[in-house]
Structure formats: C-alpha cells, structure tokens
Number of protein chains: 2
Amino acid sequence: MPQNHWSQNMKAKPPGTAMELPAELTQARRFGKARSAQSSALMEDYVELIADLLAGTGEARPTDIARRLGVSHATAIKTISRLKREGLATARPYRGVFLTAAGQELAARMRARHRLVVDVLVALGVPAEAAESDAEGIEHHVSETTLRAFGRFLNS
Amino acid sequence: MPQNHWSQNMKAKPPGTAMELPAELTQARRFGKARSAQSSALMEDYVELIADLLAGTGEARPTDIARRLGVSHATAIKTISRLKREGLATARPYRGVFLTAAGQELAARMRARHRLVVDVLVALGVPAEAAESDAEGIEHHVSETTLRAFGRFLNS
DNA sequence: CACATAATGTAGCTTCGGCTACATTATGTT
DNA sequence: AACATAATGTAGCCGAAGCTACATTATGTG
C-alpha cells in the first residue's frame, strides 16, 4: 500500500550528497508512521468509547456514540460499519454495538494508555483538565517504548 | 466548563442517572478538538519542513518536500496548493516554495514545540530515537497550557 | 391499538489526502 | 542547438470522514 516511488528515485539519484539519503528515509518513515497512527486514531476512539458505554450502561447505541463524539449519527453509523469490517465490533440493527475479542483487547490497551498519558501529564504539572483534553490527541502517538518509559517515570 | 472525567464517571455512576449532558458536551468538545488538530497537523508538518529546507539549502522544492514526507510529488504539490490557499506559503512555478509571514510564524512555533516535546520525553527517560519519532505525532496535540507546564518542568 | 416520536439506517454530496498516469517545462550534455 | 532527463504541474481516480435529507423501524403514550 505505501509508495514504491522513491526506491526508483534512490537508484536514479546522483550520488553527490550521499549523507542526505538516510536522513530523508528516516524522516519519511517518521512522518509515515505519524500519518498511519492518525488513521487508526479514530478507530481507537470509537472502540474506547464503546467499551466505556458498555461498561457503564450495558449498551452502546449509535446515537449515544455520535453524541459523545460530537458527530452526526449518520457519520457514527458509517464509522461503526468500518469497525465491523475491521473485525473490532459487531452490531445488530436496533440492538446496539458490541466489541469483538480484538476490540475488547484494543479497548483495554487504549484505556491503560490513556491513563498513563494523563498521569504523566499531571505529574509534569499540567492541570487535570488540560491533561485529559490533550491526552485525547496524544495517546494515539505514544509508542510502546515511550509508554514503558512513562511507566518507569511514574514509579519513581 | 465542567471538570468531569468521563471515564471515571462511567464507572462510578449508576446507569440512567441525570447530569450526563455536560459530560457529553465536554467529551464531544475534546474529540472535536483532537480531530481538528489532526486536520492541521499535516499543514504544520509541511510548514516545518519547508522552513527546514529553506534554512538548510536556501530553497524548498516540491520534489524534496515529497521525498522527505514520503509521499508522491503530486500529493505534495496538491497539499502545497492548500498551504497557499490558507495563506501560509507562496510558490512560483519551477521556483520553489516560500513561507508567508504567517507561515514563518507557524514554523517557529512548531520548531519550539517540537524541541520542547522531545526534551521532555528524553527527560522522562525515553530513548532519543523514540522521542524524536513520537514527538512527530505528539507535538500537534500539545496545548499551550501543557506546553507551559513542560517548560516549567524542564527548568527544575 | 394507533399514532406520534425517537432511534436507526440509507443515499448522496463535499473535502481531504493519497495514488498513478500523462503533459509540460527546465536543465544539462553533447 | 537539439535532445534526453529530471523536475514540475495537471487530471482523474479512490477511500475516509464529515454533513444533510429522507426512509424505515421501534417505542411509548393516550
């Protein structure tokens, strides 16, 4: 799915500035990673929310999901379809949305991640409200490595 | 604005209780903020990169931008058009891309933000490489409030 | 039970960020 | 100067996520 575009460019590139190529590749890889993370961020938000609704009220209905996310119910339903396609959720018409095993697993990971990020931000002196708000965006971009460092930091 | 932590509320509160609306609105606002931040993240990446290229080699050409970002040159050109539309950059055909005053201002802010995020991550014990990589995604979601807390943390 | 209302689902449109393929313009070599 | 090549630009497609408008199905109240 990514681009086999530059491999050809690399071969055809004049070798005058040889030190730039690795830096370019590293940077491109980083940007690419950030972009694909952004792509799954929405799925993660939905799964996290559905898990919360299921735990809290026992059911996750499209209208509730839409309201919590601040989107129209049509948008929510469409995205839920994508969740189903990707094997994270199931839904029976007029019966609410449920998480598959994979979905539950993802929800648990995201919940732990979210708490860790919030706790670290608070530990750094960020006001609780800002920490909660910023974590919503940050949590999708925290690697396992960074996550472990966060854990170690909080245990000290 | 209410200071509810919705995930905690969901666990603590019995189903069907009132007082759900403010929490919903707060949560929707947070998600909405994260989404719009994600929308401007690409613009910020482009502006930051263009500033880097201009500072480094004196010119920012679409092909270089595309290669650094790991996208096709056509995609880069199209996004640069959006940059122009939004008043962040200018470009003359075959002459490269330049930043407007607004673009330069944004680039400076993003550069400072990037450094701060990386420095904080490193200070927390994140390996330099992971810090650099994660910061690429995180920096777009750090509010001014959190940024100031980061600064205070680093000065102590 | 009937019917009004709320929830859910469907259709169709828009913008954005990707891509490939093709067209055009500079550039540089001979 | 001519031509090959690299850079740039354009066109058209796709999928994702958003919206509104409309259709359908449950629900609940009189």
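The values are calculated or read from the model by the stated rules, or taken from the named source; none is laboratory data. This is a predicted model, so every value here is computed, not measured. Reconstructed Cβ throughout: ideal geometry from the backbone, glycine too, with neighbour counts over all protein chains shown.
Values computed for the structure shown
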{"item": "Residue in the stretch B:76-89 that is of a type in the set (Val, Ile, Thr), out of contact with any Leu (no Cβ under 8 Å at 6 or more places or on another chain) and within 16 Å of DNA strand C (Cβ to nearest atom) present", "result": "yes"}
{"item": "Close pairs (6 angstrom Cβ cut-off, 6 or more residues apart or separate chains): facing chain A (nearest Cβ under 7 Å) in the stretch B:135-156, in a helix (DSSP H, G or I) and of a type in the set (Lys, Arg) anywhere", "result": "B:Glu136/A:Arg30"}
{"item": "Subset of the stretch A:111-150 [surrounded by fewer than 20 Cβ atoms within 10 Å (Cβ to Cβ), of a type in the set (A, V, I, L, M) and either modelled with pLDDT under 95 or more than 23 Å from A:Arg35 (Cα to Cα) (or both)]", "result": "A:Val122, A:Ala123, A:Leu124, A:Ala128, A:Ala130"}
{"item": "Filtered residue count, the stretch A:128-153, keeping only those that are in contact with a Gly (Cβ under 7 Å, 6 or more places away or on another chain) and within 12 Å of B:Val142 (Cβ to Cβ)", "result": "1"}
{"item": "Enumeration of residues in the stretch B:84-96 that are within 18 Å of the chain's Cα centre (by Cα) and within 12 Å of DNA strand D (Cβ to nearest atom)", "result": "B:Ala89"}
{"item": "Residues (among the hydrophobic types (A, V, I, L, M, F, W, C) and facing chain B (nearest Cβ under 8 Å)) located in the stretch A:50-68", "result": "A:Leu53, A:Ala55"}
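Rundown of residues vs (1) assigned to a helix (DSSP H, G or I); (2) under 18 Å from B:Thr146 (Cα atoms); (3) of a type outside the set (Phe, Trp, Tyr), yes/no style:
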| position | (1), (2), (3) |
| --- | --- |
| A:Leu106 | yes, no, yes |
| A:Val117 | yes, yes, yes |
| A:Val126 | no, yes, yes |
| A:Ala135 | yes, yes, yes |
| A:Ile138 | yes, yes, yes |
| A:Arg148 | yes, no, yes |
